[in-house]
Structures are given as C-alpha cells and as structure tokens.
Amino acid sequence: MLKKSSLVLWGAALFIAWNGLLLLFLWSRPPSSVSSGEGDRLTAEVIRLAQDAETELERQKELLRQIHRYSGLWGRRRGVQITPKPPPPPSPPPPPRLTDPAGAVLPVLVMACDRSTVRRCLDKLLRYRPSAQRFPVIVSQDCGHAETARVIASYGDAVAHIRQPDLSDIPVPAEHRKFQGYYKIARHYRWALGQVFRTFRYRAAIVVEDDLEIAPDFFEYFQAAFPLLLADRSLWCVSAWNDNGKEQMVDVGQAELLYRTDFFPGLGWLLLAELWDELEPKWPRAFWDDWMRQPEQRRDRSCVRPEVSRTMTFGRKGVSHGQFFDQYLKFIKLNDRFVPFTQLDLSYLKKEEYERSFLPKVYAAPEVRVEELQGNRRRELGAVRLQYSGRDSFKAFAKALGLMDDLKSGVPRAGYRGIVSFVYRGRRVYLAPPSDWTGYDPSWS
C-alpha cells in the first residue's frame, strides 16, 4: 500500500512538472502564431489543469498521511505484530558514593498487573516523595491489562512504565495448575528486578505492590535505614511492614520504634543490588516470598521492620483469594505521624548493639501465664513475657492473643531469635522461647 501511494505521488509530481513546462512553452510562443482570444483561452485551460493537478497532489498527500496513521492497525489485521515503541527508561543515576549514602538514588519499583486501583498507590507515592530525582517511580506491569495500562500512562513522565514482555502461560505440574498465578508473579519479579539492577543499574531499590498505600514518612524511613543496610551485612532488607501491626497490637505513641526481625516481611521493602546478584541465579519458579524465608536464602540474616507499619494493603482480591485479609491485613494500622528518621540515631539496630539491649530487656520482663494476660491481671508489672516451649504452645498462645500464628521455615512472623514483640491490652508483651534458645526448627512450619 505504501509503495502504491509513493507511485501515485510521483506520478502527480510528474504531471505538474509537465504542465508547468507546457505553460512556459505557450507563454514563450510568439503572439502571431495564434489569435489573441484563442491564446488566452488556451492559457486559462492550461492553468486550470495545473490547479487541478495541484489539488490532486494535496489529496494524495492526505491519503499518504492516513495510510501512515493506520499502518499499525492494518498490520495487525494482516497478522503482523506491530510492537509499540516502549517508553524511554529513566536514565540510570551514577552509582552513589558509599561515603555519602544520604545522596543515593532509591527508585521505587511498583509491581502492577490488572488492578486499575494502582492509582491509589501511585497517588500517595507521588504526593509523599520528597524528590523526583532521589526517588524515581518505575511501574512494571505484567498481565497486559489495558485499563491498568491506561491508568499508569495517565501519569505521563511522573512515572516510568515498563512492561513484562512474556505473558504466556507457564508449564506447571498438574497439582499446581491452580497456582499458575504464583508462577507468573515469580517470573514478573525476576524480570522487573533484572531491569532495575541490570538495565538501569541502580544501587538499591524499594519494592512495593500495586495494592499498597504508604505512610507520610515512608520515604524518610527508607532514606534513614539505607546506610544501616549498607553498613551491617547481617541485614538483608528493610521492610515497611509489621505482620502483627493491627492497631490494638502496636504502640502508636512509639511510631519511631524499629526492630530487627528474622522473618522476611515484604510488602514494601528495600534491597541492595548485591542481594539481587546473589538471588537472581537461583530465583524460584513460584512462591518467591516463602522461598525468601527459607534458611538457604536467609542465611541467618535479618530485616528491619517498624513498630507501626509504613504500608497497608487495600487489595483483598488477588492470587491468594483474600487469604489472611479479612482476619488480619485489613486491620493493619498505617502510621499517620511523620517521624524524622534521618535525624535519629539508628545504630541500636546493628546486630551486636541490638542483642546487647533487646535480649536482656526481654528476659528481664516478668513471666506471666496467658490466662493472666487475657484477664488483664498483674498490670503493675508493666512489660511482661509469655514463654512458649514448642510449636504447639506457640500457635496456641498466638491464636489466643490475636497474633498471626503461621510459621515459615520455623520462623514466626515479626520474630527475632524466636521473640515476637507486641502490645496486648495496652501493655508490652514478649512472646518468647526459653533464654537458652538455640535456633529455628524448620519442621515447625
């Protein structure tokens, strides 16, 4: 079609050129060779023909423009896949100096699929981020969902929109057919993190999902914790999430309080490029978050997590079909008080200092029975300790007090050295193993 249009355009140009030469010839002829009236009529006719040819040329130009405009549509109708030009990726920043981690660029990678409500997540990210240069937002979309893509595109240059190219189904064992979504999520995470660390070459990244809403001090929290992650190799992530962060189970008056945890929380987390170098070659085909919680990946490392969550999830519908949402997740308290973390000393979270202060505090707390907690007795004791002796007693106490009772590779949610810190009826409680604890037992899962 394009070739035919070019021939038409070329023919029209030749036609005009020929008429122009004819007109020049007639004007240059001696007046005696033709009568004045006949000459005028002939000249007028030639001019009219030339004008008609010029009109035809303009029509052919417009036809050519329409052909170009709809070439993509015609190509698809004929079975030709027209690949849209991807948006230009954000320019990777220069690697930050480790002597000045406060100046590092920390991109936010938003994992999106088919939730057009991603707008709620993006609106808060763009509202609260202190600097577009320091915290570029990259939305990686799987699924190819058109409405979600339109929502993301509506933000223009405020976010970078990248698309996972492989949308095919994944061959899975027969018993895992209902888990196809988990395989696709793992594939998307691998591709998106590869883009952030391999293509854009960022030093670190904050990962969130499209159904998370962030707190006003979300960026302040990660900016302050980043140097700690660089300095303490016994840490492998910083998370904005407290698995037991229901409003009645946290001290909102201590929103600045942070902990170490052996449980990988996810749901808004910061990792370094070095960790991706380690994980990428063995990335799992499915269930990536539980895989992260296995001893082979955790390697006795911990994450930082807050007393009061800096994220909350509003996505009940998903591949997990609302598992835990109605019972736990929808009640998570989102911090609403800005804490200037970058002005605080977070060195107490380094492994040696933390264990020097946290562990004695836990085991110095008076031990009580679960019935005394439930009866709100012995209030004069202040912070108390409830001791469990095995998997069954841990799960029984957790259920009785409203904690999440599942264990992953033997590690309780939000736990550190087996200890889970929470608030019950207005006082601090440590659900803890005996002081001679020797490590997690993966068989408890």
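The values are calculated or read from the model by the stated rules, or taken from the named source; none is laboratory data. The model shown is predicted, which means the values in this text are computed figures rather than measured ones. Neighbour counts run over all protein chains shown; Cβ positions are idealised from the backbone, glycine included. Surface accessibility is based on the protein's heavy atoms, side chains included, excluding ligands, DNA and RNA. Shrake-Rupley method; radii C 1.70, N 1.55, O 1.52, S 1.80 Å.
Between residue 430 and residues 5 or more places away or on another chain, which pairs have amide H atoms under 5 Å apart, with H built 1.01 Å from N, and which residues are they?
Amide H neighbours of residue 430: 384, 385, 386.
Going by a ≥ b ≥ c, the root eigenvalues of the Cα gyration tensor, does segment 362-432 fall in the rounded group (a/c under 1.5), the prolate group (a/b larger than b/c) or the oblate group?
prolate
Please label the shape of segment 324-445 as rounded, prolate or oblate, based on the square roots a ≥ b ≥ c of the eigenvalues of the alpha-carbon gyration tensor (a/c under 1.5 means rounded; beyond that, a/b larger than b/c means prolate, else oblate).
rounded
What are the residues whose amide H is under 5 Å from the amide H of residue 235, where those residues sit 5 or more places off or on another chain and H is modelled from the backbone?
Distant-sequence amide H within range of residue 235: 302.
Count the net charge of all other residues whose Cβ sits under 13 Å from the Cβ of residue 121, scoring Lys and Arg as +1 and Asp and Glu as -1. List each step's numbers first, then the result.
Numbers: positive: 115, 119, 120, 124, 127, 129; negative: 123, 209, 210, 211, 213.
Its environment carries a net charge of +1.
Using modelled backbone amide H atoms (1.01 Å from N, in-plane), which distant-in-sequence or interchain residues come within less than 5 Å of residue 271's amide H?
Correct list: 205, 207.
From the phi angles alone, apply the Karplus equation (6.51, -1.76, 1.60; θ = phi - 60°) to segment 182-188 and give each ³J(HN,Hα) in whole Hz, x where the residue is Gly or Pro.
5, 5, 5, 5, 4, 4, 5
Within a Cβ distance under 12 Å of residue 196, other residues only, what is the Lys/Arg minus Asp/Glu net charge?
+3
For residue 274 and residue 300, what does the FRET efficiency come to when R0 = 22 Å and r is the distance between their Cβ atoms, rounded to the nearest 0.05?
On the way: r = 17 Å, r/R0 = 0.76.
Computed FRET efficiency for residue 274 and residue 300 comes out at 0.85.
What relative contact order, as a whole-number percentage, does segment 362-432 give when Cα pairs under 8 Å and 6 or more residues apart are counted?
Relative contact order comes out at 31 percent.
First select every other residue whose beta carbon is under 11 angstrom from the beta carbon of residue 152; then total the charges, Lys and Arg +1, Asp and Glu -1.
+2
Using a 1.4 angstrom probe, figure out how much accessible area segment 362-432 has per residue, in square angstrom, rounded to the nearest whole. Present the calculation step by step, with values, prior to reporting the outcome.
Details: 2700 Å² over 71 residues.
Per-residue accessible area for segment 362-432 comes out at 38 Å².
If 291, 437 are ordered by their accessible area, calculated over protein heavy atoms with a 1.4 Å probe, which sequence runs from highest to lowest?
Sorted descending by solvent-accessible area, the residues read 437, 291.
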